[in-house]
Each structure stands twice: as structure tokens, then as C-alpha cells.
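So the structure is just underneath, and the comments pick up after that.
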Amino acid sequence: MSLALMLAAALAALSACDLETPSGEAGCTRAAVDQAPINALQAVGTHNSYKLAIPPAEMALLRAMAPAQAAGLDYAHPPLAVQLAAGARQLEIDVVYDPDPGRYARPLGLRMAPGTSPYDLEPLMEPGLKVMHVQDIDYRSSCPLFTGCLAQVAAWSQAHPDHAPLLILLNLKEGEALPAPGAVSPAPFDAVAMDAVDAEIRSVFPPEALITPDDVQGSHPTLRAAVAAGGWPSLGQARGRVMFALDAPRSQVDLYRADRRSLEGRVMFVNIDEQDDAAAYITLNDPVEQAERIAAAVAAGLIVRTRADADTVEARENDGARREAAFATGAQYISTDYMSPDPRFSDYRVELPGGGAARLNPRWAASSKAVD
């Protein structure tokens, strides 16, 4: 029997296993599940994982000015370690560049809304990258410093060394100021800023705690060739480790990649077209309209993140259709704003079918059973 057939047969037996904490029953042993490649897993994660609620006074002001935008921003998450303890295996962090510390330390919402809740702005005066969703109006973060967010993840990971690999997505926020007097423009990400992102990640995570593009590419000529050949590490090799992906427009990806053929020497994978030499990860956020593309990307060896909900719509309508479509695609990481329900809206929530923190994703389970 070929190695591919042997792996398929082994995976077929794992289709009902909790891959992170195997029970030992029905073949769900640690030795068995650790053979699964990490791109055969499926787990739940969170969107804008650092985000705190906009306080009532600031939300009221935003609703008066932009009601649709206010509704879409009306969600929040607990601290990162709490999410990880609840089973999140993917986080998303929005980063702003702050070459002259203090750029973001006088948010407009805080200044304009009388009686708003206090917020410690001192971390925004410190050197380093900052974490926030939208400067001036949705700036509150459970970890305002990027290295602070990373330190929280690293501490949890070190305390739970058997966890399935964590995927941390980064959005690099730049652009124009909000159309209001006194609003601040985000600093653009240049080559120096891109290097700073990698440097801050490496300042917190030692090499052995990371899964990098170089680790996956190995001796293959490109990253895409490596993942097509099954180059992802096994769960046994990846337990307790973290990988980063730059979820960004092509202009930022190109700046981060520079003149590399793939991503040699870089920390992060990048969101890029499936046929590119640097392809190993892709963001495909609509599991309904992009279902076939997601399935094809998974079959090609890529790791995919999709979203079960967006802009509070599914929670307000208690609509699970997008959630179920997301799980069915075989995307490895399903992102949500509702690992716990928001009782103001409904009992809508997203959790891994069957419980646990990681399972064999349905595309792999189906193909494995067919081969077996």
C-alpha cells in the first residue's frame, strides 16, 4: 500500500476523534491522531479577537452618525487567554504602525462623548506596534500593545504545550483619517514597518515555538510546491506551536514579500492566490459563495480561514446557515464573533461540531473514507 493510501486509511479512522485531547476509544489514541497533518484539521477561532465593546456613550454617538456601521461594530471578546481556554485555535489581531509613539493616544470618540467609560491610554504612548480595530472610534483593545497580545498567547501556549497549532491572522491597518475634525491618519506600513512586525513576533516567540514558511518549504523549490507535496507538519510535530498569516491586500503582501520567490526568511504566511509560488494560506471569508474555491484550496494543500458570521448579522437573525456552510467546506479555521452567545440578540453561537478544540475536517474525512 502506498504512503498516501496508508495515510488516508489512518485518517478515516480519526473522523470522529477529538484530535487535541484524544479519548483512547475507538482508535482515538494520541499516537494515531498525531499522524494527521495540520492541514487535515478543523478548528474554531475568533475575528478581531482583541476587541472590547464600544462604551454606551461612544456607541450612542456613533449610532447617531452612522447607524449601520455602529450595528456592525457592536460586539466584543473576552481576553485572549479566555478564548484559547474555551477552544479558540485561531485569533485575529489588527495592528497599526506607530513610528512616533502617541499617534493614537487621543482617540476622537473618547474626546467627543461626554461621560464615556475611562480607558488606560498609557500603553498607546509606548514604543511599538499598537492593536485596535478602527482608530478614533473602535480603539479599545484587551491588549493595546502588539507584543502584549503576543505575550498573552505565548504564556497560555507554554502552559498548555499539547494544544493544536494556533493560527494568528494579522491585519495591518492603514489609510485615511475618519472624516471628522481632529481624527488621526494611520501611519502607512513601509518596508521598515514590515520588518518591525516580524521582529516583534520573534521577540516573544522563540524559533521552536513557531511554524514558519521556511519550516514548511524545506527543500522544495517553492512554498506552493511544498504544500502540494504534503509538506505541512503533523499534529504531533505542531503541538504547542503557533503560526502567523498576513491577511492583507496584495499591495501589503508584495511589500512584505519583497523580492523573495516564496517567503524565505519571513515569519508569516500570506494571503495570496492559490497558484502563486508563495501560496500556502488563503483567506476566503464567504463559505457560501466561495464554497467550491475553498474546497479546491483545501484539496490543493492550502490552509484556509473562512467566517461563520460577519457584522453581527447572523447573531441578530439567529441564522446558522453560513455557520453550517463554513464547517462543510473543509476550511481548517472557522472564525466567529460568537464563541459564546450575545443574549441581547439570540442564542446564536459557533462551536466545533462534536465538541473539543480540533477535529478531522469533513473534506478530509470524506476523502479518507472513500479511499478506505
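The values are calculated or read from the model by the stated rules, or taken from the named source; none is laboratory data. These numbers come from a predicted model, not from an experiment. Cβ sites come from the backbone with ideal geometry, for glycine too, and all protein chains shown count toward neighbours. Side chains are part of the model used for accessible areas, which takes the heavy atoms of the whole protein and leaves out ligands, DNA and RNA. Shrake-Rupley method; radii C 1.70, N 1.55, O 1.52, S 1.80 Å.
Looking only at residues of segment 116-143 that are closer than 13 Å to Ile93 by Cα and out of contact with any Asp or Glu (no Cβ under 8 Å at 6 or more places or on another chain), we find that the one that is surrounded by the most Cβ atoms within 10 Å (Cβ to Cβ) is Tyr139. Residue count for segment 206-226 satisfying the condition of being open to solvent by less than 10 Å² (accessible area, probe 1.4 Å) and within 19 Å of the chain's Cα centre (by Cα): 4.
Screening Arg305 with (1) open to solvent by 20 Å² or more (accessible area, probe 1.4 Å); (2) among the charged types (D, E, K, R); (3) within 18 Å of Asn39 (Cβ to Cβ) gives one miss only, at (1). Checked against (1) over 22 Å from Leu223 (Cβ atoms); (2) touching a residue at least 60 places away in the same chain (Cβ under 8 Å); (3) open to solvent by 50 Å² or more (accessible area, probe 1.4 Å), Thr312 meets all criteria but (3).
The residues listed here are Val192, Val184; of these, the one that is assigned to a helix (DSSP H, G or I), of a type outside the set (Phe, Trp, Tyr) and either out of contact with any Cys (no Cβ under 9 Å at 6 or more places or on another chain) or surrounded by fewer than 12 Cβ atoms within 10 Å (Cβ to Cβ) (or both) is Val192.
Tally time: how many residues in segment 110-137 are of a type outside the set (A, V, I, L, M), over 29 Å from Met339 (Cα atoms) and assigned to a loop (DSSP other than H, G, I, E, B)? Working first, answer last.
Step one: of segment 110-137, the residues of a type outside the set (A, V, I, L, M) are 111, 114-120, 122-123, 126-128, 130, 133, 135-136.
Now narrow it down to the ones that are over 29 Å from Met339 (Cα atoms): 111, 114-115, 122, 126-128.
So of that shortlist, the ones also assigned to a loop (DSSP other than H, G, I, E, B) come out as 114-115, 126-128.
Final tally of qualifying residues: 5.
Checking Asp74 against (1) under 24 Å from Glu20 (Cα atoms); (2) surrounded by 15 or more Cβ atoms within 10 Å (Cβ to Cβ), which test does it fail? Checking Asp74 against (1) under 24 Å from Glu20 (Cα atoms); (2) surrounded by 15 or more Cβ atoms within 10 Å (Cβ to Cβ), the one that fails is (1). Looking only at segment 267-278, decide whether some residue is surrounded by fewer than 16 Cβ atoms within 10 Å (Cβ to Cβ) and either under 28 Å from Asp162 (Cβ atoms) or in contact (Cβ under 8 Å) with a residue 60 or more places away in the chain (or both). Checked against the condition, which is being surrounded by fewer than 16 Cβ atoms within 10 Å (Cβ to Cβ) and either under 28 Å from Asp162 (Cβ atoms) or in contact (Cβ under 8 Å) with a residue 60 or more places away in the chain (or both), segment 267-278 yields no hits at all.
Scanning segment 155-181 for residues that are part of a loop (DSSP other than H, G, I, E, B) and either aromatic (Phe, Trp, Tyr) or over 25 Å from Ala85 (Cβ atoms) (or both), which turns out modelled with the highest pLDDT? So, considering only residues that are part of a loop (DSSP other than H, G, I, E, B) and either aromatic (Phe, Trp, Tyr) or over 25 Å from Ala85 (Cβ atoms) (or both), the one modelled with the highest pLDDT is Glu174. Can you work out which of the residues in segment 58-71 that are of a type in the set (Gly, Ala, Ser) and open to solvent by less than 40 Å² (accessible area, probe 1.4 Å) is farthest from Ala358 (Cα to Cα)? Here the residue is Ala66. Residue-level check: of (1) at positive phi; (2) of a type outside the set (Asp, Glu); (3) buried (at least 16 other Cβ atoms within 10 Å of the Cβ), Ala258 misses just (3). Filtered by the rule that a residue be open to solvent by 10 Å² or more (accessible area, probe 1.4 Å) and of a type in the set (S, T, N, Q), segment 315-338 gives a lone residue, Asn318. Ala164 falls short of the stated requirement of being touching a Pro at 6+ places or on another chain (Cβ under 9 Å), aliphatic (A, V, I, L, M) and crowded, with 19+ Cβ neighbours inside 10 Å.
Let's see how each residue does on (1) touching a Lys or Arg at 6+ places or on another chain (Cβ under 8 Å); (2) among the basic types (Lys, Arg):
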| residue | (1), (2) |
| --- | --- |
| Leu41 | yes, no |
| Val44 | yes, no |
| Lys51 | yes, yes |
| Glu58 | no, no |
| Tyr75 | yes, no |
| Leu91 | no, no |
| Asp100 | no, no |
| Arg103 | no, yes |
| Gly109 | no, no |
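Can we say Ser49 is crowded, with 20+ Cβ neighbours inside 10 Å and without any contact (Cβ under 8 Å) to a residue 60 or more places away in the chain? Criteria met by Ser49.
For the structure I just gave you, tell me whether Ala36 is over 22 Å from Pro179 (Cβ atoms), touching a helix residue (DSSP H, G or I) at 6+ places or on another chain (Cβ under 7 Å) and surrounded by 18 or more Cβ atoms within 10 Å (Cβ to Cβ). The answer is yes for Ala36. Taken over segment 103-115, the criterion of being at pLDDT below 90 and open to solvent by less than 30 Å² (accessible area, probe 1.4 Å) is satisfied by no residue.
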